[in-house]
Amino acid sequence: MDPQTDVVEEGFQIDGAIVPTGPMAMFPQERHYRIPRVVDPKSSVGIFELPGGILHEGQLLREMHITELDGEDEDVLVSDASLYALRMNAVLARKIVRLGHVEDPATIGRLVPLMRVLDRGTALIAIRRVTHGDVIYGLEVECPHCGQKTTASPDLSSVTYFRPADCERLEWEYMLPKASRKAGHDVVVKWHVYDGERELLMSKVGKQIGDKDMLTWRIMGRMMEYDGKPMELTGEHFGKDGRIVQNKGLVELYRTVKLMSQADRNSLRNEFRRVEGDIDLEVGAKCPNPICGREFPFSIDITDRSFFFPVETTPQSG
Ligand SMILES: [Zn+2]
């Protein structure tokens, strides 16, 4: 299907054809849309819309010009020398050749780390689409029911994006229901939308602690204030070598988030998603094992190296 046919007026919004289930069902219909690819094959440049956009000098930049990956980008992508967020900053700054009306590479380089993670993910998908096309051919997946390995070929043009609740607003407040009942007053969390700077801090954390405590750190990374008390994860909590520095402020932030009830943490996470929007990267596959034959969902991992280094770039014949 030509993704262009999904386009109705007001940019890229689609009609009521897609009704997501599961966690994505939380997003109201008017925030769903697909992003068509408008590529000039001669120049290998594509024009895409950002679901959120970035505020720059009072203007919301919503459109990006993306160019394809070259040899220099390949070396950045496979390098283990720097953190994931830094590598992505480098690639995004090189491949986004225009952001709204901004074409100056130095300005784009400064704006990239400030982009919402939702938009950074959208830009990475756009780079993949311009470089290798919309379809990921021969993606290896494993049936969760019987363990049978098979391949799937998801189409990136049919990925659904969910707009942020408010594209111009980055700081939010949320009242924790359980903590407020216990305290007898409104316990409010002030938090910041997940962006490239916060993703970089999380890259540093992830390198040191792996997956352990990551749910706690993801809340810590967004937190600005808890019940009237400022507490925020910043670059100051990391040494020159990127190691976590356990000072008083950090310990307090960690303990506060760790001691929050699971119910409050869960409702806060739902609020993050509701406000920040999302990308639905879940697709379906069918198990080829004749005894099993079940359908199962799997997620396209845009952070995996293979996303930019596909095994196949054309459909397999026979
Ligand atoms: Zn199976």
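The values are calculated or read from the model by the stated rules, or taken from the named source; none is laboratory data. The model shown is predicted, which means the values in this text are computed figures rather than measured ones. Using ideal geometry, Cβ is built from the backbone for each residue, glycine included, and neighbour counts are taken over all protein chains shown.
Among the residues of this structure, Gly121 does not count as one that is touching a helix residue (DSSP H, G or I) at 6+ places or on another chain (Cβ under 7 Å), of a type outside the set (Val, Ile, Thr) and either outside the structural domain of Lys207 (by TED's automatic domain parsing) or in contact (Cβ under 8 Å) with a residue 12 or more places away in the chain (or both). Inspect all residues belonging to segment 282-302 and state whether any of them is farther than 15 Å from Leu139 by Cβ and away from the ligand (no atom under 16 Å from the Cβ). Within segment 282-302 (the criterion being farther than 15 Å from Leu139 by Cβ and away from the ligand (no atom under 16 Å from the Cβ)), the answer is no, since none of the residues qualifies. Pairing residues of segment 129-151 that are more than 11 Å from Glu312 (Cα to Cα) and touching a residue at least 60 places away in the same chain (Cβ under 8 Å) with residues that are among the small types (Gly, Ala, Ser) and within 10 Å of the ligand (Cβ to nearest atom), at Cβ distances under 7 Å and at least 6 apart in sequence or on separate chains, gives Val141/Ala285; Thr150/Ala285.
Scanning segment 290-309 for residues that are in a loop (DSSP other than H, G, I, E, B) and not aromatic (Phe, Trp, Tyr) yields Pro290, Ile291, Cys292, Gly293, Arg294, Ile300, Asp301, Ile302, Thr303, Asp304.
Across segment 125-181, the qualifying residues are those that are within 30 Å of Leu259 (Cβ to Cβ) and among the aliphatic types (A, V, I, L, M), and the one among them that is surrounded by the most Cβ atoms within 10 Å (Cβ to Cβ) is Leu176.
Just so you know, in segment 129-175 the residues that are away from the ligand (no atom under 16 Å from the Cβ) and among the β-branched types (Val, Ile, Thr) include one that is farthest from His32 (Cα to Cα), and it is Thr131. Selection of first residues in segment 155-178 that are of a type in the set (Val, Ile, Thr) and of second residues that are modelled with pLDDT of 90 or more and not in a loop (DSSP other than H, G, I, E, B), restricted to Cβ pairs under 7 Å at least 6 apart or on distinct chains, gives the following pairs, ordered by first then second residue: Val159/Ile125; Val159/Ile279; Val159/Asp280; Thr160/Asp280.
Residue check: is Leu156 in the same structural domain as Val91 (by TED's automatic domain parsing) and in contact with a helix residue (DSSP H, G or I) (Cβ under 6 Å, 6 or more places away or on another chain)? For Leu156, the condition - in the same structural domain as Val91 (by TED's automatic domain parsing) and in contact with a helix residue (DSSP H, G or I) (Cβ under 6 Å, 6 or more places away or on another chain) - is met. Against the conditions (1) in contact with a Gly (Cβ under 8 Å, 6 or more places away or on another chain); (2) in a strand (DSSP E or B), Arg129 satisfies every one except (2). Residues in segment 105-126: is at least one modelled with pLDDT under 95 and touching a Pro at 6+ places or on another chain (Cβ under 8 Å)? No: segment 105-126 contains no residue that is modelled with pLDDT under 95 and touching a Pro at 6+ places or on another chain (Cβ under 8 Å).
Answer yes if at least one residue in segment 208-218 is at pLDDT below 90, within 29 Å of Leu111 (Cβ to Cβ) and not aliphatic (A, V, I, L, M), and no otherwise. Within segment 208-218, one or more residues are at pLDDT below 90, within 29 Å of Leu111 (Cβ to Cβ) and not aliphatic (A, V, I, L, M).
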